[in-house]
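Data first, discussion second: the structure below is written as structure tokens.
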Amino acid sequence: MAPSERRTGVGVDEFLTGGRLRRITRWGEPVMHAPTEPVTVFDEELHTLIRDMFTTMAESHGVGLAATQVGVGKALFVYDCPDADEIYRQGVVCNPVLSLPDGSERNFESAEEGCLSLPGAYQPLARPDFAVVTGQDAYGQPIRVEGTGLLARCLQHETDHLGGTVFGDRLSGRLRRKLYAQAQELAHLYPDDWPLSPKATSAVDKPASSPSA
């Protein structure tokens with residue numbers, strides 16, 4: 001199979017390298033369950049955070065990462081995620097507003113979903129297969145991102161994070177219990193400061209075909 005194409009958003013290249021690895025926060029920590037504050041200053045401090053988020057996402061093999069997942073209660077996320085055409089899209093969105101199709105135009109797709117903040121656990125969740133996020137880029141300029149396939153799921157997942165919602169909140173009680181049981185079973189593989197300390201290895205790791213955000 002030929003390598004997947006990557007398309008980088010305008011002004012994103014400078015943030016893809018040079019960042020510092022940060023600890024990923026876990027479900028249950030207050031920042032993960034509280035609404036975020038809007039980004040109002042687009043300065044070097046913000047740009048440092050964005051670089052660190054791209055570095056942390058890449059090291060953790062994620063497709064998206066919200067600021068809350070590195071312990072920062074600001075409304076932004078980064079992504080490096082394939083769409084329905086297997087084209088990897090890279091970008092950053094500050095102050096995202098999510099739009100989904102209405103009525104008969106909304107088609108749901110059920111697929112396994114995971115979260116870097118509950119590492120190793122996956123459960124199926126139905127979400128619309130198309131999503132649009134509007135917001136601002138790293139310099140405060142207006143931006144619009146359309147997502148299909150996994151990218152649509154990623155945009156919804158990350159925007160949820162910024163409102164204090166984790167995908168487990170959208171599961172039935174039965175699936176939520178299964179999710180937590182999976183996470184508990186694999187907890188020994190993930191140090192508390194992961195990915196600052198590396199993940200242990202195990203023959204029962206989840207295949208890479210089920211990415212997390």
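Read the figures in this text as sums done on the coordinates, not as results from a lab. All of these numbers come straight from a predicted model, not from anything done at the bench. As a convention, Cβ positions derive from the backbone with ideal geometry for all residues, glycine included, and neighbour counts pool all protein chains shown.
With a ≥ b ≥ c taken as the square roots of the eigenvalues of the C-alpha gyration tensor of the chain, please select rounded if a/c is under 1.5 and otherwise prolate if a/b is larger than b/c or oblate if it is not? Let's see the in-between values first.
On the way: a/c = 1.37, a/b = 1.13, b/c = 1.21.
Rounded shape, in that the Cα axes give a/c under 1.5.
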Checklist entry - Dipole of the chain, Cα-centred, from +1 at each Lys and Arg C-beta and -1 at each Asp and Glu C-beta, to the nearest 20 debye? => result 640
Checklist outcome for this item: Descending packing, highest mean Cβ count within 10 Å first, for 60-68, 28-36 is 60-68, 28-36
Next on the checklist: Which of Val92, Val39, Val133 ends up with the largest GNM mean-square fluctuation for the chain, with Cα atoms connected below 10 Å?
Outcome noted: Val39
Checklist entry - In deg cm²/dmol, rounded to 500, what helix-only [θ] at 222 nm does the chain give when every DSSP H run of at least 4 residues adds -39500 (n - 2.57) and the total is split over its residues? => result -6500 deg cm²/dmol
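What size of dipole, in debye to the nearest 20, comes out for the stretch 29-92 about its Cα centre when the only charges are +1 on Lys and Arg C-beta atoms and -1 on Asp and Glu C-beta atoms?
It comes to approximately 100 debye.
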Checklist entry - Using a basic spin-label model with each label point 7 Å from the Cα along Cα→Cβ, how many nm lie between Glu59 and Glu45? => result 2.3
Item to check | Computed FRET value (nearest 0.05) for Lys178 with Thr201, which takes r as the C-beta separation and R₀ as 22 Å | outcome: 0.40
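By how many nm would the segment from Ala187 to Val97 grow when fully extended, if each residue of separation counts as 0.36 nm and the alpha-carbon distance is taken off? Don't skip to the end; give the middle numbers.
Working: separation 90, 0.36 × 90 = 32.40 nm, distance 3.33 nm.
Result for the pair: 29.1 nm of gain on full extension.
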Checklist entry - How far, in nm, would the chain grow between Arg144 and Asn107 when pulled straight, counting 0.36 nm per residue and subtracting the alpha carbon separation? => result 11.2 nm
Checklist entry - Label Asp13 and Thr165 with points 7 Å out from Cα along Cα→Cβ: what is the distance between them in nm? => result 3.7
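Taking a ≥ b ≥ c as the square roots of the eigenvalues of the Cα gyration tensor of the stretch 51-144, is the shape rounded (a/c under 1.5), prolate (a/b larger than b/c) or oblate?
Working: a/c = 1.76, a/b = 1.15, b/c = 1.53.
Oblate, because a/c is 1.5 or more while a/b does not exceed b/c.
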Checklist entry - Shape of the stretch 9-83 from its Cα gyration tensor (a ≥ b ≥ c, root eigenvalues): rounded if a/c is under 1.5, otherwise prolate when a/b > b/c, or oblate? => result oblate
